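The values are calculated or read from the model by the stated rules, or taken from the named source; none is laboratory data. Here the structure is a predicted model, which means the values were calculated and not measured. Here the Cβ is made from the backbone with ideal geometry for all residues, glycine too, and neighbour counts use every protein chain on show.
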Amino acid sequence: ASVKAATHDVYDTAEIQRQDAAHYMHPFTDHKALGERGVRVMVRGDGIYLWDSEGNKILDGMSGLWCVNVGYGRTSISDAVYRQMQTLSFYNSFFNTTNVPATRLAALLVEISPPQFNHVFFTGSGSEANDTNLRMVRRYWDLKGFPNRHTIISRYNAYHGSTVAGAALGGMAGMHEQGGMIPGIEHIGQPNYLENGSGMSADEFGIVAAGWLETKILEVGADKVAAFIGEPVQGAGGVIIPPATYWPEIERICDKYDVLLIADEVICGFGRLGTWFGSELMQIKPDLITFAKGVTSGYVPLGGVLVGDRVADVLIEEGGDFNHGFTYSGHPVACAAALENIRILIDERLVQQVAQDTGPYLKEKFEALMDHPLVGYADTCGFVAGLNLVRKKAEAVHDCEFFEPDHGVGMLCRGYMFANGIIMRAVGDRMIIAPPLVMTRAQIDEMIFKIRYCLEATLIDLQQRGWV
Ligand code: PMP
């Protein structure tokens, strides 16, 4: 009976909530608080919408977790997965073996990625891909005869995953404090113009923020630095869109000191910014690209590393065994899902649509939210966007007055969003979105209408509390 209950389509929300509170340890969650509140149960998705177990229809402004690029309910992906499972549900890529979807996907990824990429290493997730990066760049420098070049420089407030290497590469203090730090990783400030760019133009600030990398390289010693890693646009940190001057200057500094450049494109890859990869938009040529999420639109887990020629040539020509890999590296079912997902992105011209049509439209509509009294700053890049809730607006963004952090105004606003059928995430008091790339102009209008309505509800609430 219990097996039937676990797999049957019919469910009782209260029972799921009871079982969940009793047994399911969720990621990044305060379980005591969740148990008291009761978990929300998602049951269905179609296009940009989700339905919960109470029958509420919710516009998913976050693409699941930045991943459902082609939208929910794509039967051509589920068909491809089903066919692959029936044909060959699994085989490994160790021991001189491959499977058809894995090799085909590697070739397709090389085709759609920038020219310096001719090789792919598959993993099961973005975190595992960054673990792969850490070991691969150290291996590269060992093979080149520089075994001291093992330090990787990252940024505070970066997110690079939740394995030990992922957490350590990331710049989240809360993760470092809970066993997520290892030696050989250093952090510099992030290019957050709003927080750190007072008294400068955005372009001036971009150069200053990139300069922190050079300072850190000199402090560590250039002969000890293996690589710099960064997200083209920081996602989980709050959609921090860097000034246009930032990335080219980072690349110049990496070149100057012979430091490898890793672009973590787990969010920015597969069309999110209106280019196949975010580093193309930022006009840089990384040596390694981390990918996951959008490669399968989240239908099944898959991640990996695009390995640029500079690294691949050394590993392949001189490397012998690279003692690294996962059971699910090149999983045939995941790769079949990715092949179909990428076919959809290409055939429906979704990357071009974001670049030329819906991305600019979102920019116009989303940035217009700055006319609301709570919104001090709003910016977008392709299909990611963020706005800052402020107590008092000012002509110059750096003169805005912010809320007390412990008032949790962002979370309050997020509550109104959920209650009104739209998912927007709060990072402090910055409200962020990353909608599915299939979102139409009409759906953008619907989303902006809902956001505006919830901003108004938040404002009234804050007025009643006397916080504005
Ligand atoms: N890198 C970035 C930039 C991410 O946003 C994420 C996930 N949010 C990861 C790595 C980790 O990916 P995963 O959760 O698949 O391990």
TODO: Would you check if there is a residue in the stretch 263-270 being assigned by TED's automatic domain parsing to the domain that holds R155, out of contact with any Asp or Glu (no Cβ under 9 Å at 6 or more places or on another chain) and hydrophobic (A, V, I, L, M, F, W, C)?
DONE: yes
- [ ] Report whether or not P242 is in contact with a helix residue (DSSP H, G or I) (Cβ under 9 Å, 6 or more places away or on another chain), closer than 25 Å to R310 by Cα and surrounded by 15 or more Cβ atoms within 10 Å (Cβ to Cβ).
- [x] no
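Just to be sure, is Q190 touching a Lys or Arg at 6+ places or on another chain (Cβ under 8 Å) and either modelled with pLDDT under 95 or not in a strand (DSSP E or B) (or both)?
Yes, satisfied.
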- [ ] Name every residue in the stretch 109-132 that is buried (at least 21 other Cβ atoms within 10 Å of the Cβ) and more than 8 Å from the ligand (Cβ to nearest atom), in order of residue number.
- [x] L109, S113, F117, V120, F121, F122, T123, D131, T132
Open item on the list: It is to be established whether one or more residues within the stretch 163-173 are buried (at least 17 other Cβ atoms within 10 Å of the Cβ), in a loop (DSSP other than H, G, I, E, B) and of a type in the set (S, T, Y).
Closed with: yes
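Here is a yes/no grid of residues against (1) charged (D, E, K, R); (2) over 26 Å from the mean Cα position of the chain (by Cα); (3) modelled with pLDDT under 95:
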| site | (1), (2), (3) |
| --- | --- |
| E318 | yes, yes, yes |
| A334 | no, no, no |
| I346 | no, no, no |
| Y361 | no, no, no |
| V384 | no, no, no |
| E401 | yes, yes, no |
| G408 | no, no, no |
- [ ] Determine whether the stretch 153-163 contains at least one residue that is of a type outside the set (D, E) and free of Cβ contacts under 8 Å to residues at least 24 places away in the same chain.
- [x] no
TODO: Might you let me know whether the stretch 6-21 holds any residue that is under 30 Å from G180 (Cα atoms), surrounded by fewer than 16 Cβ atoms within 10 Å (Cβ to Cβ) and out of contact with any Gly (no Cβ under 6 Å at 6 or more places or on another chain)?
DONE: yes
Task: V305 being surrounded by 24 or more Cβ atoms within 10 Å (Cβ to Cβ), on the phi < 0 side of the Ramachandran plot and among the aliphatic types (A, V, I, L, M) - done: yes
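One line per residue, one yes/no per condition, for (1) among the charged types (D, E, K, R); (2) within 20 Å of I432 (Cβ to Cβ); (3) in contact with a helix residue (DSSP H, G or I) (Cβ under 6 Å, 6 or more places away or on another chain); (4) surrounded by 24 or more Cβ atoms within 10 Å (Cβ to Cβ):
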position	(1), (2), (3), (4)
F205	no, no, yes, no
T215	no, no, no, no
V220	no, no, no, no
D223	yes, no, no, no
A226	no, no, yes, yes
P232	no, yes, yes, yes
Open item on the list: Being within 21 Å of the chain's Cα centre (by Cα) and closer than 30 Å to A14 by Cα is true for just one of V43, V68. Which residue is that?
Closed with: V68
Task: Enumeration of residues in the stretch 168-212 that are over 24 Å from N388 (Cβ atoms), among the small types (G, A, S) and either away from the ligand (no atom under 16 Å from the Cβ) or touching a residue at least 40 places away in the same chain (Cβ under 8 Å) (or both) - done: G179, G184, G211
TODO: Test each condition in (1) among the hydroxyl-bearing types (S, T, Y); (2) under 24 Å from Y257 (Cβ atoms); (3) part of a helix (DSSP H, G or I) for S154 and report the one that comes out false.
DONE: (3)
TODO: Please indicate, with yes or no, whether at least one residue in the stretch 372-386 is touching a Leu at 6+ places or on another chain (Cβ under 8 Å), among the aliphatic types (A, V, I, L, M) and not assigned by TED's automatic domain parsing to the domain that holds A457.
DONE: no
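Table: residues versus (1) over 27 Å from T380 (Cβ atoms); (2) of a type outside the set (V, I, T).
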position: H150; (1), (2): yes, yes
position: S154; (1), (2): no, yes
position: A158; (1), (2): no, yes
position: A167; (1), (2): yes, yes
position: I185; (1), (2): yes, no
position: Y193; (1), (2): no, yes
position: G197; (1), (2): no, yes
position: E204; (1), (2): no, yes
position: T215; (1), (2): yes, no
